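For reference, the structure is listed below as structure tokens.
The values are calculated or read from the model by the stated rules, or taken from the named source; none is laboratory data. For clarity, every value in this text was computed on a predicted model and none was experimentally measured. Neighbour counts are summed over all protein chains in view; Cβ atoms, including those assigned to glycine, are modelled from backbone coordinates with ideal geometry.
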Amino acid sequence: MLVGVSPKEDKMQGIREKRRRMRRIRNGIILAVVLTSLLLIGYFAMTFFFQDHFFFRTEINGLQVGGLSVSDAEAEIARDEGKYILIISDRDKNLYTIEGAQIGSNYAPDGSVGKALKEQNPYGWLTAVFSGNRIDVKTPMEYDAGMLYDTVSKLDCFQEENIEPPENAKIVLEDGKYQVVQEKQGNQLILDRVVAAVQRAVSEGDGELHLTDEMYESPEITEESSEITEAMEAIDSYSAAKVVYKIADYDEKLEGEELFDMIHVAEDFSVTIDKEKVERFVQRLASKYNTYADVREFKTSKGDTVEIGGGDYGWVIDKEEEAKLLEENILAGGTTEREPVYSQTARVEGLDDIGNTYVEIDYTSQHVWYYENGELKLESDLVSGNIAKGNGSPDGVFKVVYKQSPAVLVGEDYESDVTYFIVFAYNVGIHDASWRSNFGGEYYKTRGSHGCVNVPLAFAASLYEMIEKDTPVIAYYREPIELSTENCKISNAYSYVDPEKKGSEEVGN
């Protein structure tokens, strides 16, 4: 038999079920409120805690300091810094280490840790639990200055056997060319600068220090220094110079290796021209081109050849002035074309500086000729200096010094009036001799003049009219003779013999 539920009972059962649900909801809300309250209490408690403690999972300079106070964190850092090592690297990538114990170092808190904590937002502690918190702070160190200096000075890089001083750039002569040798930096460190850098690194608690260029001794002169560049510019300019001498019949120039050899570079990089080498060049130039008193072969009017030297005719290079000008030419650079600087010039340029206008005096033949532009214009017999009395006329290659008409010839024991006087060797000249009626022959040997060349009046007049100052006069003997008069000495006669020297030679013999 079935028993049914009455509607009233069914209703009561629904009411009871509803009440149970409500209790569950109320209990859940209460639990949620309690849990939320606990969480909030815990959150704010932790927030309060992290106001003076570091977040969990916080690292300072790699050290775990989570949950530590500032003082505890500083103590942890101090323990770690007790193992302090400074690694130093130089520009050659060599490494050196300095340990804290070597310099008496200790961590000296400067508030950086406290500052880092203040920058920590305590309300963000929950995020930090998951993400962590990494902080870098300076860890300044105290140290013993004396120990630090001594430790640095004992590093391998400061030991003499390991030091390579810097070398200045220099200019060297190699393979006939001036070249720049680049400077060498070397590795010589400046102790005081390195000590100062180490002090800064230690003071800040740095673990690494790289030695920069300013801590090294540097070359004073580099290949880019003005001393080098200006010197090389001067060398290039001087070595490119060229001096061409305009001398007839010759090709003479100074250039290339010979000129380059005159360039001198001093230790202070001043570039000069070696005066001694310039003077040697000029001396060679003078030896080659000076014809003054040169011994030369002369083809006579008789067709034969005699050898004659002495006298005062010819080219003479002024060595002192030529050297000065040559140096100026080189310093100016470029090409210079010019004549040498002469202190005396001859009538004609070139190999034959006598030319074809000259007076020829043959003392042995007692004859004189005058040629003008290669054409014989005049000739005459003559009477020259008295050989028997030691008054032989000077021989050599001379030039007309001056001519005078009329003139008075004055000697120690004579005074003579002449109409024409053509002087060529000191006070010796060609002149008319009205007191003579005969010329030529051998009169000169015993009845000759005091040294002058006596000629007939007509010849003297014609020669005086034609001849010009500086005209060459070639006077010679065909046989050996010794001349000893003062005028022969002064005029540099070819056959002059100093009586005193001759006497000493005879005594020596």
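Each residue in the range 86-141 was checked for being of a type outside the set (S, T, N, Q) and in contact with a Cys (Cβ under 8 Å, 6 or more places away or on another chain), and 2 of them qualify. Tell me, yes or no, whether the range 97-110 has at least one residue that is at pLDDT below 80 and in a helix (DSSP H, G or I). There is no residue in the range 97-110 that is at pLDDT below 80 and in a helix (DSSP H, G or I). Scanning the range 281-311 for residues that are among the aliphatic types (A, V, I, L, M), in contact (Cβ under 8 Å) with a residue 60 or more places away in the chain and in contact with a Lys or Arg (Cβ under 8 Å, 6 or more places away or on another chain) yields Val306, Ile308.
Note on the range 50-95: among residues that are surrounded by fewer than 20 Cβ atoms within 10 Å (Cβ to Cβ) and hydroxyl-bearing (Ser, Thr, Tyr), the one that is modelled with the highest pLDDT is Ser89. Residues considered: Lys83, Lys115. Of these, the only one that is basic (Lys, Arg) and within 60 Å of the chain's Cα centre (by Cα) is Lys83. The helices (runs of 4 or more DSSP H) located wholly in the range 420-509 that include 1 or more residues which are in the same structural domain as Gly390 (by TED's automatic domain parsing), basic (Lys, Arg) and without any contact (Cβ under 8 Å) to a residue 40 or more places away in the chain occupy 486-490, 499-508. Consider Asp192 carefully, then state whether it is loosely packed, with under 14 Cβ neighbours inside 10 Å and within 30 Å of Leu259 (Cα to Cα). Taking the combined requirement at face value, the residue does not satisfy it.
Quickly run through the range 125-171 and pick out the residues that are out of contact with any Phe, Trp or Tyr (no Cβ under 7 Å at 6 or more places or on another chain) and part of a strand (DSSP E or B). Correct list: Arg134, Ile135, Glu142, Glu167, Lys170. Go through (1) farther than 30 Å from Ala286 by Cβ; (2) touching a residue at least 12 places away in the same chain (Cβ under 8 Å); (3) not assigned by TED's automatic domain parsing to the domain that holds Ser89 one by one and return the number of the condition Asp213 breaks. Result: Asp213 fails condition (3) only.
Looking across the range 360-408, the residues that are among the aliphatic types (A, V, I, L, M), under 21 Å from Ile481 (Cβ atoms) and crowded, with 18+ Cβ neighbours inside 10 Å come down to Ile361, Val368, Leu382, Val383, Ile387, Val397. Of the residues that make up the range 158-170, is at least one under 19 Å from Glu233 (Cα atoms) and not charged (D, E, K, R)? Checking the range 158-170: at least one residue is under 19 Å from Glu233 (Cα atoms) and not charged (D, E, K, R). Considering only residues in the range 332-378 that are without any contact (Cβ under 8 Å) to a residue 24 or more places away in the chain and part of a strand (DSSP E or B), the one that is nearest to Gly311 (Cα to Cα) turns out to be Tyr371. Screening the candidates Glu257, Glu224 for the property of being farther than 30 Å from Cys157 by Cβ and either in contact with a Lys or Arg (Cβ under 7 Å, 6 or more places away or on another chain) or exposed (fewer than 14 other Cβ atoms within 10 Å of the Cβ) (or both) yields one hit, Glu257. Whenever a residue of the range 389-410 is farther than 12 Å from Asn427 by Cβ and not assigned by TED's automatic domain parsing to the domain that holds Gly314, its partners that are surrounded by fewer than 22 Cβ atoms within 10 Å (Cβ to Cβ) and basic (Lys, Arg), lying with C-beta atoms within less than 6 angstrom and at least six residues away or across chains, give the pairs Val400/Lys469. Within the range 260-304, being of a type in the set (S, T, N, Q), within 30 Å of Ala475 (Cβ to Cβ) and either out of contact with any Gly (no Cβ under 9 Å at 6 or more places or on another chain) or surrounded by fewer than 17 Cβ atoms within 10 Å (Cβ to Cβ) (or both) holds for Gln283, Ser287, Thr300, Ser301. Selection within the range 151-184: residues that are acidic (Asp, Glu) and surrounded by 13 or more Cβ atoms within 10 Å (Cβ to Cβ). The member of this set that is nearest to the chain's Cα centre (by Cα) is Glu183.
One line per residue, one yes/no per condition, for (1) in contact with a Leu (Cβ under 6 Å, 6 or more places away or on another chain); (2) part of a strand (DSSP E or B); (3) closer than 30 Å to Leu191 by Cβ; (4) not β-branched (Val, Ile, Thr):
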residue: Gly14; (1), (2), (3), (4): no, no, no, yes
residue: Arg20; (1), (2), (3), (4): no, no, no, yes
residue: Thr36; (1), (2), (3), (4): no, no, no, no
residue: Leu39; (1), (2), (3), (4): no, no, no, yes
residue: Gly42; (1), (2), (3), (4): no, no, no, yes
residue: Ala45; (1), (2), (3), (4): no, no, no, yes
residue: Gly66; (1), (2), (3), (4): no, no, no, yes
residue: Ala73; (1), (2), (3), (4): no, no, no, yes
residue: Glu76; (1), (2), (3), (4): yes, no, no, yes
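Scanning the range 35-48 for residues that are more than 19 Å from Ser131 (Cα to Cα) and either small (Gly, Ala, Ser) or surrounded by 12 or more Cβ atoms within 10 Å (Cβ to Cβ) (or both) returns Ser37, Gly42, Phe44, Ala45.
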